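Single-structure report; data block below.
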Amino acid sequence: MSIELNFGGLLDELNLVKNLELKTYLIITYLNASNKPQQIKEFLNYLLEAETYSNILKNDSVVYFQRLKECLLKSSPLCGFPYVINSMNIVNEFIETKFEGLEVEHALRYGSENNSNNQNELDYNNGTKLFGSIYDVKTEKLTSKLATNSQDMKNFIIQDIYGKLLSNFSLLSFEETELIVITSLLALNVPPQLKSHLIGAKNAGISKELLDQLQEVFKSQQ
């Protein structure tokens with residue numbers, strides 16, 4: 001991706017994403033999965049100065065940055081924690097510099113009440129449901145293949161990634177989560193996984209036109 005990335009042009013190109021806040025999250029997610037943390041800093045500074053977008057950051061800053069961090073966290077199983085940690089560091093530095101004293105941290109998943117056997121079972125059931133909603137008729141075949149590769153990997157993917165992480169919709173809806181996943185997969189250039197999540201997104205009611213636009217816009221940045 002060019003260092004002279006045209007942020008304004010990129011925002012304009014994603015014109016089918018009507019939620020302006022979500023539009024910024026998708027671009028940051030793409031930069032994160034492309035290992036471009038410094039461009040995340042540049043983009044956040046651009047947003048703060050842009051008349052159309054500055055109020056998104058300023059009006060409810062706590063919620064904006066909580067949701068942004070949730071986007072990065074939900075992308076971590078895809079692009080890896082080193083990318084996400086570096087991007088989180090950039091976001092935190094931006095908050096400390098531009099929003100001094102702002103308290104953003106909000107733990108959603110970990111604590112004594114979230115570590116019981118009942119919670120583990122709930123996470124597994126939620127993960128199974130979400131996995132099935134995405135992979136549909138291929139679910140059984142894929143879970144069997146995962147188990148053949150590694151039973152621990154299969155259980156980790158279902159219970160922890162799909163269950164505890166991705167199926168928590170308290171900050172990001174299912175549709176928003178799928179768009180974050182798809183954007184990460186576009187940056188990573190992994191067609192098999194992308195294809196499955198595009199099908200899942202369509203099943204969730206996300207329009208083909210929007211999904212086509214995401215692919216066109218972000219693939220043009222590679």
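Here are the numbers for the structure shown:
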| item | result |
| --- | --- |
| Extension reserve of the LYS129-GLU103 stretch, reckoned as 0.36 nm per residue once the Cα distance is removed | 6.0 nm |
| Whole-Hz ³J(HN,Hα) from phi, Karplus 6.51 cos²θ - 1.76 cosθ + 1.60, for segment 151-160, glycine and proline x | 4, 4, 5, 4, 5, 5, 4, 5, 6, 8 |
| Cβ-based exposure ranking for SER184, SER76, in which fewest neighbours within 10 Å come first | SER76, SER184 |
| Order of VAL62, VAL181 under a 10 Å beta carbon neighbour criterion, fewest first | VAL62, VAL181 |
| Theoretical gain in end-to-end length, SER196 to ASN19 [0.36 nm per residue, Cα-Cα removed] | 61.3 nm |
| Dipole moment magnitude, nearest 20 debye, segment 29-141 about Cα centre, only Lys, Arg, Asp, Glu C-beta charged | 420 |
| At least 24 Å along the helix axis (C-alpha) and Kyte average at least 0.0, DSSP helices within the chain | 61-79, 81-98 |
| Given (1) 8, 24, 19, 11, 7, 6, 5, 5, 5, 4, 3, 2, 0; (2) 8, 35, 40, 15, 1; (3) 8, 33, 36, 19, 5, 0, the label whose value is P(r) over Cα pairs in 10 Å bins from 0, in percent derived from this model | (3) |
| Computed over segment 154-220, the ratio Rg/Rh where both radii use C-alpha atoms and Rh is Kirkwood | 0.98 |
| Net charge dipole size for the chain [Lys, Arg +1 and Asp, Glu -1 on Cβ; Debye, nearest 20] | 760 |
| Sorted peptide list for 92-102, 126-136, criterion being average Cβ within 10 angstrom, highest first | 126-136, 92-102 |
| Residues ILE182, ILE199, sorted so that the one with the fewest Cβ neighbours within 10 Å comes first | ILE199, ILE182 |
| Mean ellipticity per residue at 222 nm, deg cm²/dmol - from DSSP H runs of n ≥ 4 across the chain, formula -39500 (n - 2.57) | -22000 deg cm²/dmol |
| Inter-probe distance in nm under a simple model that places probes 7 Å from Cα toward Cβ, at LEU122 and ASN203 | 2.4 |
| Label-to-label distance, nm, for residues given as GLN213 and SER150 (7 Å Cα→Cβ offset) | 3.9 |
| Magnitude of the charge dipole, segment 108-204, Cβ model with Lys/Arg +1 and Asp/Glu -1, debye to 20 | 340 |
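None of the figures in this text is laboratory data; all of them are computed from the coordinates on show. These numbers were taken from a predicted model, which means no experiment stands behind them. Reconstructed Cβ throughout: ideal geometry from the backbone, glycine too, with neighbour counts over all protein chains shown.
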